[in-house]
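Report on the following structure.
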There are 2 protein chains.
Amino acid sequence: MELWYTERQTDNLGLTLRIKETLCVERTAYQELAVLDTYQYGRMLVLDGAVQITEWDEFIYHEMITHVPLCTHPAPRHVLVVGGGDGGTIRETLKHASVERADLVEIDERVIQVSRQHLPFVSRSLDDPRARVPVSDGISFVKKTRAAYDVILVDSTDPVGPAVGLFAPEFYAAVARALRRDGIFVAQCKSPYLDQGLIRQAFSHVSQVFKIPLLYTAAIPTYPSGYWCFLLGSKAHHPLQFDEPRARALETRYYSPDVHRAAFALPKFVQDSLK
Amino acid sequence: MELWYTERQTDNLGLTLRIKETLCVERTAYQELAVLDTYQYGRMLVLDGAVQITEWDEFIYHEMITHVPLCTHPAPRHVLVVGGGDGGTIRETLKHASVERADLVEIDERVIQVSRQHLPFVSRSLDDPRARVPVSDGISFVKKTRAAYDVILVDSTDPVGPAVGLFAPEFYAAVARALRRDGIFVAQCKSPYLDQGLIRQAFSHVSQVFKIPLLYTAAIPTYPSGYWCFLLGSKAHHPLQFDEPRARALETRYYSPDVHRAAFALPKFVQDSLK
């Protein structure tokens, strides 16, 4: 018997993967959560029917959401990750020696527990003494925080279900208040090919709050269209003036100083869509 | 009824698209040829079960295979396209005012005829007086040509069926002979994520023939992994010293001078895989 999982990425488009084993499927308080073992891409975390990470290509997303802002900040000490209960973004954050504390605020405890059980390649980082994992609602957590972080990474699901508020203008304003005076924030921001309306809107919100608003991209095979967008807001430091020697010294598989720079060269139609 | 077409990109991975209409399916002398109309991506050309172009994202592939070498060459006059019977690469080539003649050598006449009938957005260019379309085997054509072209673009199917010889070391040597002394060649070279063995081998062959061998990439949603590789061999001109004003003046939707430069910044694992 051949078992296939198909993610309906839009009404008319899907990605389909042959499945070795279903390791877990459950409905949590917030969403449907599954871990599948695939022949092509290894273990895969799926939330509400959307692939979040796979063992094979998670390094791209996690390196790119993390190292671009952390190499832009001259000495990031305190980092907050909103969402990202699998631990991959924390793993990359802790590669930076200057980081003294990395807080993970995940709303759904089951994502953390299931990742600890089935996805050790990302979740192992959560046992690091510099990591703190308070289970709580990222939106309220950020709202009551003041000038406490150097970098905030919004490693969320797409804007349906629990993540809707993470794409709202009030949230970006709260993020700005939770950052120190030279803080930087990055959020995953969907596909430049499939989600131009959402990207334009989010970029416009962030432009109203941050002095330096920018988009950058990465090629991520298991996300819809294979091409993904990150939205960056910075209070002081420009990401094209980043710490190249520190970037070069990182142990990475996708990220490099050249890739850092190139990620900001947007295809013409994406650049035009922001005007 | 919902009709879906699934491309089995590997044994364990597929892309699936909802179909509006099947415009044509036939077996030619060389391959199985189909044109499907999809809800997501418009009309789509499929050869031997592999998506070649879609109405929605063909501009990315055609702009990137063409403008990178043509903006690197100071004054391309004669251009040869091997394969690419749909006409998209010729369309981009003819955007360069210096081009006096663009020859298309497609082995399968039916690809040209069916494209003329169903894919006018690419095939219209074949009626341009500067385009010549001799139907013939690209490999023999290139082998008997001497110092005749400024740029040769290998816009082929993947290395199965009629295209196998286009990835062989003898072919790259023949391409070098068919080029003028400062000629440039580019070939599509599959996915950096899924085809590293093939890419390493092709890169090594091209390195033995051309003074300047390089890889560059583009994000193409409908190709396996959504991320695609182009292999460039140049006899004299380095693609990072290109004609920026000319590049900026082109009417494009993906390509720009920044995108040209960024395309050569390979992810670390791709760079490492060439060593």
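FYI, it's all coordinate maths here, none of it is from the lab. Treat the numbers as computed from the prediction; the structure is a model and nothing was measured. Virtual Cβ from ideal backbone geometry, glycine too; neighbours counted across all protein chains shown.
Per residue of A:60-66, what is the mean number of Cβ atoms on other protein chains within 10 angstrom of that residue's Cβ? Intermediate values should be presented prior to the final figure.
On the way: counts 4, 0, 0, 2, 1, 0, 0.
Going residue by residue through A:60-66 and averaging, the value is 1.
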Task: Exposure proxy order (Cβ contacts within 10 Å, fewest to most) of A:S256, A:S273 - done: A:S273, A:S256
Open item on the list: If a paramagnetic tag sat 7 Å from the Cα of A:T28 along the Cα-Cβ line, which residues of segment A:153-178 would have the backbone N under 17 Å from that point?
Closed with: A:154-166
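For Cα pairs less than 8 Å apart in space and 6+ apart in sequence, what is the mean separation divided by the residue count of chain A, i.e. the relative contact order in percent?
Details: 574 pairs, mean separation 45.2, N = 275.
16 percent.
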Open item on the list: Taking θ = phi - 60°, what integer Hz values does the Karplus form 6.51 cos²θ - 1.76 cosθ + 1.60 yield along segment B:228-237, in sequence order, with x for Gly and Pro?
Closed with: 10, 10, 10, 9, 10, x, 10, 7, 9, 8
TODO: Round to the nearest 10 and give me the degree value, 0 to 90, for the angle of helix A:109-118's Cα axis relative to the longest principal axis of chain A.
DONE: 60
Open item on the list: What is the angle, in °, between the Cα long axis of helix A:196-209 and the longest principal axis of the Cα atoms in chain A? Nearest 10 is fine, range 0 to 90.
Closed with: 30
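For peptide A:45-53, how many partner chain Cβ atoms fall within 10 Å of a residue's Cβ, on average?
Working: counts 0, 0, 0, 0, 0, 0, 0, 0, 0.
Shielding by partners across A:45-53 averages 0.
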Task: GNM top mover of B:E32, B:E58, B:E92 - chain B, alpha-carbon springs below 10 Å - done: B:E32
TODO: Within 10 Å of each Cβ in peptide A:258-265, how many partner chain Cβ atoms are there on average? Round it to a whole number, please.
DONE: 5
- [ ] With springs connecting C-alpha atoms under 10 Å apart, model chain A as a Gaussian network and identify which of A:L70, A:L13, A:L215 has the largest mean-square fluctuation.
- [x] A:L13
Task: Inter-label distance, nm, simple model (7 Å from Cα along the C-beta direction), B:V160/B:A173 - done: 2.9
- [ ] Could you check which residue among B:D37, B:D103, B:D127 shows the biggest mean-square fluctuation in a GNM of chain B with a 10 Å Cα cutoff?
- [x] B:D127
TODO: Report, to the nearest 10°, how far helix A:58-72 tilts away from the longest principal axis of the Cα atoms in chain A, using its own Cα long axis and a range of 0 to 90°.
DONE: 10
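Work out the FRET efficiency for A:R248 and B:S273 from their Cβ-Cβ distance, taking R0 = 22 Å, and round it to the nearest 0.05.
Working: r = 19 Å, r/R0 = 0.84.
For R0 = 22 Å, the calculated efficiency reads 0.75.
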Open item on the list: From Cα pairs below 8 angstrom and at least 6 apart in sequence, can you work out the relative contact order of segment A:3-54, rounded to a whole percent?
Closed with: 26
Task: Protection proxy ranking, peptides B:46-55, B:162-171, A:79-88, average beta carbon neighbours within 10 Å, highest first - done: A:79-88, B:46-55, B:162-171
